[in-house]
Amino acid sequence: MRYQIYVLNKKADTSRLEHFRIQAQRLRQSYVRIEAYETEAVMETELAQRYDSNLNEVKYYRSLTPSEITTYVNHRQVWQRVIDDEVDFAIVLEDDVLLANSFTYVPRTVTQLESEWDIIKLAEPYQRVKSVGLERIGAATFVRYPNIPLGLCAYVISASAAQTMLDWSDSFFRPLDVDMQWCWQPGIKVRGLRPYPVQMSHRLGRLPMPVALMKKHQVRRFVGFKEKIKYRWQKRLQGN
């Protein structure tokens with residue numbers, strides 16, 4: 001199976017790229033840099049129009065921040081590259097990650113999995129969540145989540161899932177990692193690989209928690225309550 005490692009990196013973040021390059025060189029991992037859009041550039045172009053503010057008002061408890069919109073646009077850029085490069089799967093990384101030695105085994109582990117998957121989380125940068133083991137591959141355990149963790153710093157995505165997510169997110173109204181929690185809507189299976197081979201470095205300017213967990217924004221309490229009930233009910237019906 002053909003795969004590629006893609007690293008999202010903004011043009012101005014040269015120190016982050018150098019930090020990643022040193023790690024990749026140590027582990028003898030080749031990668032492709034994808035130039036990430038700057039927030040200002042996205043918000044001033046038609047790219048920001050993919051954000052559906054009208055749907056956001058009725059289906060999400062707060063407006064998305066410009067950085068969340070940019071994050072979604074940037075990951076869509078990677079998914080399109082997966083399709084264009086005709087790989088079977090890709091390892092998608094943001095540039096502020098820390099790679100464990102076990103990262104080198106991820107491609108081989110993925111190819112040996114017997115269980116179905118579309119996206120595999122390789123990190124859990126914020127709140128710890130419970131998981132259920134599905135399959136053991138060497139020292140790694142392939143898991144499913146009763147509640148999918150937030151964060152996008154490291155994941156594996158299949159080519160078919162990349163196309164599915166591109167089609168489904170032609171317009172979007174929630175943060176990308178929250179959309180992954182609603183994985184039954186696009187029809188994908190989000191799993192994980194533990195122990196995680198990737199961690200996120202909070203020393204490189206990353207916030208210590210995702211915007212979704214912060215309380216410094218105006219909220220639509222009724223919409224949030226309604227959608228939380230909907231989420232729990234649909235998740236129970238889908239068995240995800």
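Annotation note: Cβ proximity below 6 Å between a residue of segment 110-127 that is among the acidic types (D, E) and a residue that is at pLDDT 95 or above and part of a helix (DSSP H, G or I) (sequence gap 6+ or interchain) occurs for D118/A161.
When segment 197-240 is filtered for residues that are at pLDDT 80 or above, touching a strand residue (DSSP E or B) at 6+ places or on another chain (Cβ under 8 Å) and not hydrophobic (A, V, I, L, M, F, W, C), the ones remaining, listed by number, are P197, Q199.
For segment 153-170, filtered to residues that are among the hydrophobic types (A, V, I, L, M, F, W, C) and closer than 19 Å to P195 by Cβ, the residue that is modelled with the lowest pLDDT is C153.
Restricting attention to segment 144-158, which residues are in contact (Cβ under 8 Å) with a residue 24 or more places away in the chain and either on the phi > 0 side of the Ramachandran plot or surrounded by fewer than 16 Cβ atoms within 10 Å (Cβ to Cβ) (or both)? First the steps, then the outcome.
Our first condition is that a residue be in contact (Cβ under 8 Å) with a residue 24 or more places away in the chain; within segment 144-158, this holds for 144-145, 147-158.
Hits for segment 144-158 are N147, G151.
Within segment 3-28, the residues that satisfy the criterion of being of a type in the set (D, E, K, R) and under 19 Å from A90 (Cβ atoms) are R21, R28. Within segment 86-116, which residues are of a type in the set (D, E, K, R) and within 25 Å of E46 (Cα to Cα)? Hit for segment 86-116 is E94, nothing else. In segment 1-25, which residues are within 21 Å of R108 (Cα to Cα) and free of Cβ contacts under 8 Å to residues at least 40 places away in the same chain? Once the filter is applied, which keeps residues that are within 21 Å of R108 (Cα to Cα) and free of Cβ contacts under 8 Å to residues at least 40 places away in the same chain, segment 1-25 yields only Q25.
Considering each residue of segment 62-85 in turn, at least one proves to be more than 30 Å from G224 (Cβ to Cβ) and over 18 Å from the mean Cα position of the chain (by Cα).
Based on what the data block shows, is Y126 aromatic (F, W, Y), closer than 30 Å to Q49 by Cβ and modelled with pLDDT of 95 or more?
no
Being assigned to a helix (DSSP H, G or I), buried (at least 17 other Cβ atoms within 10 Å of the Cβ) and not aliphatic (A, V, I, L, M) is the filter here, so list the residues in segment 159-177 that pass it. T164, D177, listed by residue number.
Among the residues of segment 9-25, are any part of a helix (DSSP H, G or I), closer than 30 Å to R136 by Cα and of a type outside the set (S, T, N, Q)? The answer is yes; a qualifying residue exists.
Among residues belonging to segment 15-39 that are under 22 Å from the mean Cα position of the chain (by Cα) and among the polar types (S, T, N, Q), point out the one that is surrounded by the most Cβ atoms within 10 Å (Cβ to Cβ). Among them, the one singled out is T39.
The values are calculated or read from the model by the stated rules, or taken from the named source; none is laboratory data. Since this is a predicted model, take the numbers as computed values, not measurements. Backbone-built Cβ (ideal geometry, glycine too); neighbour counts: all protein chains shown.
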